[in-house]
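The structure under discussion appears below in the form of structure tokens.
Values in this text are rule-based calculations from the coordinates and carry no lab data. Worth saying up front: this structure is predicted, and the values here are computed from it rather than measured. All Cβ positions, glycine included, derive from the backbone under ideal geometry; neighbour counts span all protein chains shown.
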Amino acid sequence: MKLLEHEGKRLLARRGIAIPDGRQWPERPGSDQGWVVKAQVLTGGRGNRGGVVVVRDPDLLAEHANAVREIDFGTRVHGVYVEELLTFDHEFYLAAMINRDSGVVELVASAHGGVDIENVAPELIERMPVDPLIGVAGFQVRELTRRLGLDGEEATGFGAVVTQLHDALVAEDAELIEINPLVRTPSGFVAADCKVVLDDDAVHRHPDRDQPTAWETDGEFMNRCRDLGVIGVDNRPYLAADHGPTVAVLANGAGLTMATYDLIGLGNTDLSGAIELHGALSRGRDHTADVFGALFELDADIVFVNAFYQLRSTEVLAEALLDALERPGAPDKNRIVTRMRGVEQHTSQQLLETAGCYYTSSLDRAARKVVQVADMIETTVSN
Ligand code: GDP
Ligand code: MN
């Protein structure tokens, strides 16, 4: 998951790396010389597209903030960040990342920062692997700063950032932290821009960390799932143009959810997306109804609910589904296929069947029913 610039900078600041004073517009930091107005997007190269603007007149801040928000970056703009304008005499590039080939952290640095690193000649980029047991060694810092042409206090200052950056990568379970440019100011090195990519699989190790406001998979459905504390899968961007009837899946447990995808794949249907309940059921009927509401947003032709609990009743799940089906925009009941197993499952069966939804306790029968409904849809469409 990528962080927005201002989120990444907060992370750097927590690790002791200097960042410019900044606020999300319409707030602004105090500044004597002016401001830099920066569109918050999950792509680089904003500068070249007019997304980074130096503004010296405070009366022009609003105009520029509105203008950068309107730029088409091909991806959503998550607000505008306003920073104090820095004075610097040089732009460096500094990054720490996991090298996938060697499996260790690698430091990458260049005295030619500020531009896209892909455009810097390879011989001008220094790379240094870090021993995972030792961390960044003193001699490595000295070697790196020497190669970048730094000495004295400057080398010490740069070296401190190198160590902080490496330690931040490890402690935050990041895959990449890139500072470009790391600028040399009269009061030391400052991270003027950064890109932070966190390891999605390690999110649970940082419960205290704020949820990023933008994720790579940044859509209404995914955001809604995140707010509801469930795991969403949005497959719609990957559906072929000539896809068959679509199915939205709701299941409990990652294993059952994946097995359900496999079953869907056997028929003439395509998966438009899925939700893994992830314990949402214990948050009650209303909350679970909201989860169904999110699932319906996928606008699939068929909704397949596949729940299997050992020690829990599925009654709340059935009730929540029926609640959600009463809401405006909900799918037709003859497009709902439910398979529920759990304690006293007959209660759920009664509820669902009375309401006119297909119910079975058998996964096999449920899958067949999905295929049957899909066939019915296809026949209706082709007639
Ligand atoms: P990117 O194009 O998305 O990587 O955006 P950056 O934040 O890296 O900004 C691009 C360029 O704008 C930098 O390389 C700097 O040259 C310039 N820039 C950014 N912040 C400042 C600042 O505070 N002062 C000045 N003078 N230039 C800045
Ligand atoms: Mn940059």
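Brief remarks on what is shown
- Normalised by the number of residues in the stretch 1-151, the average gap of Cα pairs under 8 Å and 6 or more apart makes the relative contact order 19 percent.
- Label-to-label distance, nm, for residues given as residue 137 and residue 32 (7 Å Cα→Cβ offset): 4.4
- Using every pair of separate Cα atoms, the Kirkwood estimate puts the hydrodynamic radius of the chain at 24.0 angstrom.
- Extension gain (nm, one decimal) between residue 49 and residue 206, 0.36 nm per residue minus Cα-Cα: 53.1 nm
- What the phi angles of the stretch 367-378 give under the Karplus curve with 6.51, -1.76 and 1.60, with θ = phi - 60°, is a coupling list of 4, 4, 5, 4, 4, 5, 5, 4, 4, 4, 5, 5 Hz, glycine and proline written as x.
- Non-local lysine pairs in the chain, meaning eight or more places apart or on different chains, with alpha-carbon distances under 14 Å, amount to 5.
- The stretch 10-66 and the stretch 91-124 have their alpha-carbon centroids 24 Å apart.
- The value of relative contact order for the chain, using C-alpha pairs under 8 Å at least six residues apart, is 13 percent.
- Taken along the Cα-to-beta-carbon direction at a fixed 7 Å, the label points for residue 88 and residue 282 span 4.7 nm.
- Helices in the chain, meaning DSSP H runs of at least 4 residues, each add -39500 (n - 2.57). Divided by all residues, the mean residue ellipticity at 222 nm is -10500 deg cm²/dmol.
- When the square roots of the Cα gyration tensor eigenvalues are ordered a ≥ b ≥ c, the ratio a/c for the stretch 183-317 is 1.5 or more and a/b exceeds b/c, which makes its shape prolate.
- Cα centroid separation, the stretch 350-373 to the stretch 253-302 (Å): 15
- Pair residue 62, residue 327: separation of 7 Å Cα→Cβ label points (nm): 3.7
- Extension gain, residue 167 to residue 21, is 50.3 nm, computed as 0.36 nm per intervening residue step minus the present C-alpha separation.
- Between residue 350 and residue 378, the C-beta separation translates, for a Förster distance of 25 Å, into a calculated FRET efficiency of about 0.20.
- For the pair residue 151 and residue 71, a Förster radius of 56 Å applied to the C-beta separation gives a FRET efficiency near 0.85, rounded to the nearest 0.05.
- Sites matching GluC sites (Glu not before Pro) across the stretch 3-35 that sit in DSSP coil, with at most 13 neighbouring C-beta atoms within 10 Å: 27
- The calculated FRET efficiency for the pair residue 241 and residue 261, based on their C-beta separation and a Förster distance of 22 Å, comes to about 0.60.
- Loop-located GluC sites (Glu not before Pro) across the stretch 259-348 with a Cβ neighbour count of 16 or fewer within 10 Å are 326, 344, with loop assigned by DSSP.
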